[in-house]
1. Less than 24 Å apart at the alpha-carbon level, and either on another chain or at least 8 residues along: which lysines does that give for A:LYS339?
2. Picking from B:LEU236, B:LEU25, B:LEU146, which is most flexible by a Gaussian network model of chain B using Cα springs under 10 Å?
3. Going 7 Å from the Cα of A:LEU475 in the Cα-to-Cβ direction, what parts of the range A:426-445 have a backbone nitrogen less than 17 Å from that spot?
4. For labels at A:GLU287 and C:VAL56 in the simple 7 Å Cα→Cβ model, what's the distance in nm?
5. Among B:ALA222, B:VAL246, B:HIS167, flag the residue with its Cα farthest along the positive direction of the charge dipole of the range B:93-304, charges on Cβ as +1 for Lys/Arg and -1 for Asp/Glu.
6. If you average 1/r across every pair of different Cα atoms in the range B:93-304 and take the reciprocal, what Kirkwood value do you get, in Å?
7. Where in the range A:27-134 are there trypsin sites (Lys or Arg not before Pro) that are in a DSSP coil and have at most 14 other Cβ atoms within 10 angstrom of their Cβ?
8. Relative to the first principal axis of the alpha-carbon coordinates of chain A, what is the inclination of helix A:385-398, with its axis defined by its Cα atoms, in degrees from 0 to 90 and to the nearest 10?
Amino acid sequence: MKTARLLVLLSLIAMIGALAFAPAAAQDDMSEFVFAHSGPIRPMDPHSHWYGSTHHLLNLYYDCLIWRAADGSGYVPQAAHSWETVDDTTWRFHLREGATFHNGEPVDAAAVKWNIDRVRHPIGDIPLYQQWAFVKEVVVVDDLTVDIHTNSPHAYFENDVSYNGCELIPPAYFEEVGQEEFNRNPVGSGPYVLAELSENDRYVFEAWDDYHSGRPEVDRVIYQVIPEPSAQVAALLAGQIDMMKGVPAPDRPTIEATDGLTLLTESGNRMYHYYARVDTESGAFPETFPDYQPATLDINVRKAITHALDRHLLAEVHGSASARLARVCSYYPEGMADKYADPDVIAEWYNPDLAKEYLAKAGFAEGEGPTLYLDTPVVGRGGSAKEVAEVAAALLEDVGFTVDLTVRDASAFAVEVQRSGNNRELMLAALGCGPALLPLFYNCDWSAVAYSICDEDWDAVAEAIQVTIDRDARLDLWEQWWEYYIDLTQTITLFEITDVFALNTAEFDFTPRKDGWMTFRDLKLAGM
Amino acid sequence: MRGFLISRLIQLVVTMFIVSVVVFLILRLSGDPVMVVAPDFFSQEQIDQMRKFWGFDRPLGEQYITFITKAISGDFGTSYLKKLPAMEVVLNRLGNTWILAAASAAIGITVAVPLGVLSALKRNSLLDLIITSMSSLGTAMPSFWLGLMLIIIFSVHLRILPAFGAHEPKALIMPSITLGVGMAARLSRMTRSAMLEVLNQDYVRTAHSKGLMHNTVVMRHALRNALIPIVTVFGLQLGWLLGGSVVVESVFSWPGLGRLMIESISVRDNTVVQAGLLWIALSFILINYAIDVIYIILDPRIKFQ
Amino acid sequence: MDTQSSHLSKAEAIAEMPAPRSLPFRVLSILAQSPVGVAGSLIVTVVVVLAFIGPVISPHDPQGRNIRGRFQPPGYADSVGSYILGNDQLGRDILSRIIAGSRVSVLVGVVSVLISGTIGVIYGLISGFVGGIVDNVLMRIVDGLLAIPFIILVIAISGVVGAGLSTLILILGFTGWITYARVIRGEVLKVREMEYVIAAYALGQSRRKVMLIHILPNVVSSAIVLAAVQVGVTILAESSLSFLGLGVKPPTVTWGLMLSDGRQYINSAWWMTAFPGIAITITVLGVVFLGDWLRDFLDPNVRGRA
């Protein structure tokens, strides 16, 4: 019976091994909120990367000087209790007395200066400095007062100073332990402390008793990485998680019919566009396609494309989106809700006859339009870019184009097309929709390959926008800017994504933020 | 025997060297991680700077030598994305993969060996037919599909088992069954044919004719000898298990090495992919080395050249 | 189902066969005695036939949408059409897509196995026949490659190369040969010592001639049995890769891609996941059965090695 015993022993060892490793679930009376994060979650050092969805959870943990209001209406204090402009290029921040990081280090002017200096200089491969290039100098006025000087008047100062990289970390601790150890055991000054970290899997935050603005209401907030939306839905229905973002359309009725679960919608802060190639020099294009003349060099062809696309239909195919013509989200004043977000205007924009006229102007006989190469990733951020591209191709063919559609997976698309600049006529671009950086992208001296368009007059308008601090004057400039954007038709905007959330409203009360950030400082318990 | 073990050990080192070259070449010839990692709006100058920072501007041979000398001392470089040592990132996940592999192997062994023996003993019976059909089915079924079906039944409809994660013991049930079924199917096929072969051999017949109890014959003589090919297959199956876990971990959002590999490959986090592949290869090679040793324990008559 | 005894009975069957008939007839009559063989070849034949005549018998265009009637369960019918196995997120007919997907499975299975078989047999022949240091080096390379599980190796390569249908076939072809190299080398070592090979040398035949005329034909049967097993492995590998988004890209229809689509709607449209999986399982089962039968018929020695 030796061998039988050997077998049983082997299996027993294996089973005990498996069970010994399996951790036990925590059981206590604390209120616990679990959010399904689609991942990936990047390092805890907030200055070392620009991954938005990681900064969502970093925001629980770190304070910035100031922060964007949840309803998109302006800015709210965090580490700074107030701030003002001293002159056109100087902003003054007043810090809170006695505020500390989780480890007791003071959040003072010197710490703020150390942080901003760190993020605005290229150190190692820290990539955020370009976004902070507007800062000329940070000056410590006294312990609790700090001035930020900008190179020129900076229209989007408050936006940029509360952008990725704004999170404050304790200088002494960081310098003592270094970046790697900091990523394992980060220290911040936000309303939650990090109780447990399983890298790119599970992040458990617990309320911090000593937060300057009071202990947050929910005791424990957990970010659980579940990449698949379908698995998130399954977990939600099984009561394992309390909230998810991006509920697939066919699952919505099931969730609505479930007691205690509610669907919420809000702008997804992402828009889909097609970039048209308007030059033959940028990126790897001249080597990859020598002597190739993209049809979209001709502005009439581009105008034919923009009028051939039925944006309402494309938004419907996407499943949760609203058609748009301008590439700033509709809740920003710059997005000009009346002029280019009006559904009727957009419906009229779709005009196959006009598209055919433009094609005729470009010298193509009826039904014999040029071939358009269209590159698209198989999974666009937040939706099914593939199906959208297939319908777009059909619409373009309706007016006489021939479309050659290539679908790649997201990373292959990034490497082979987008980053290398191997796009031919059209390429899908799924992008954020804030106005702050936008004018820069279309400048003549902008280096990234995808935006290579140059119009001196347009540049002048863009430069004026950047330095106009007065809001109304700036919005007037934006109106001019949009005329160029629409007229030059290099970027053909399709729609703005709408996010659909599911929330356990039996236990929690939460309004999705306008900026789309899944951060839970404002989370409340239901009925309180 | 000592000579054999030592010569196998040398082979092992050579094999690992070859693995390291293959892994390095696949990843380096595949293009530039910077292109994926850098944000949209980076200029060529900034991209060059990142490239230089990570040493991609050096000649390939030099990069390999740097890589392998550091790797020998346990330093696989820093993950481009996670800003942690690649080795640490891999080791953090390795535990979860071992849990899953161990549980699946346990299911595989406890199901497969008795069934395989049974179906060999009851050859040509209805029971044999059922067992062999089931095991063929188990080999033919894509494991990730079985996983999806289990999710539909137990998570979506019955809502009794979690569909993701590794932070509670219940979460281990479905992934380990999913992987264990394929393992059991392959092992039971092997067990059955190994048993049949042994049962036909002279000494088993002799044992029977000596009037030994049937069960004693099966256990003491037949199964023991059949174990040799079974253990070999088991070793090779661990490779299958590690491979299968890649897909199954993705289905169940299981935070193991497999999911880490897929995540890292898709974002070209090459230091992590290198460390992961080398760890998988090393554990595979070591386990099969251990199996060589078990051979000797099971059957001292085996001769070695 | 019993491989051992059916092997014996077939050997007897061959021996006791009366007057020699035509080869196809003989193969068929032997096949008829094995239920496993019959089931296997039946399934494989159906799948291959579907791959060829799919477009003719397919009830719908596999790409044909029905935007108004999407996510419909099996048995649904409207003015656009009726859907025996339901339809998907764009209202495309699941049955038609399964039929269309058989083409990719057959293509991937056959072509990449031909590639890997050819490479593996040549590699194994050289390694086993030349022997010595060459054999040692070649086999260490094989060990090295074997140490990385097949599917992980393929994922690593296709993840970095970026796959389409043809690249995927090449990748599977150029990674799958490792299995053959080992087995064929073993066979060559055995055959090399046989009397007639030694005799051939004694008669003054060249090494190349000995290899091609005497050794190669003797290892072909092992290669065929292995190939049958590998077809199943390859089909499964393709579906895993496409499922993970590392394989074939739309609009090509494959079962793996259908599963990848179906997974997204698993909570509300089970049929999108269930049926393509069943198609894969049945197909691979057919190949496994056929492989079992071939093994017994051609070469009982390879059993269990793949």
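1. The qualifying lysines are A:LYS303, A:LYS514.
2. B:LEU25
3. A:435-436
4. In this crude label model, A:GLU287 to C:VAL56 measures out at 5.0 nm.
5. B:ALA222
6. About 18.7 Å for the range B:93-304.
7. Values: sites: A:ARG68, A:ARG92, A:ARG96, A:LYS113, A:ARG118, A:ARG120; in loops: A:ARG96.
Of the trypsin sites (Lys or Arg not before Pro), not one in the loops of the range A:27-134 has a Cβ with at most 14 other Cβ atoms within 10 Å.
8. 10 degrees
Here, each number is a calculation from the coordinates, and none is a lab measurement. These figures come from a predicted structure and were not determined experimentally. FYI the Cβ positions are ideal-geometry reconstructions off the backbone, even for glycines, and counts take in every protein chain you see.
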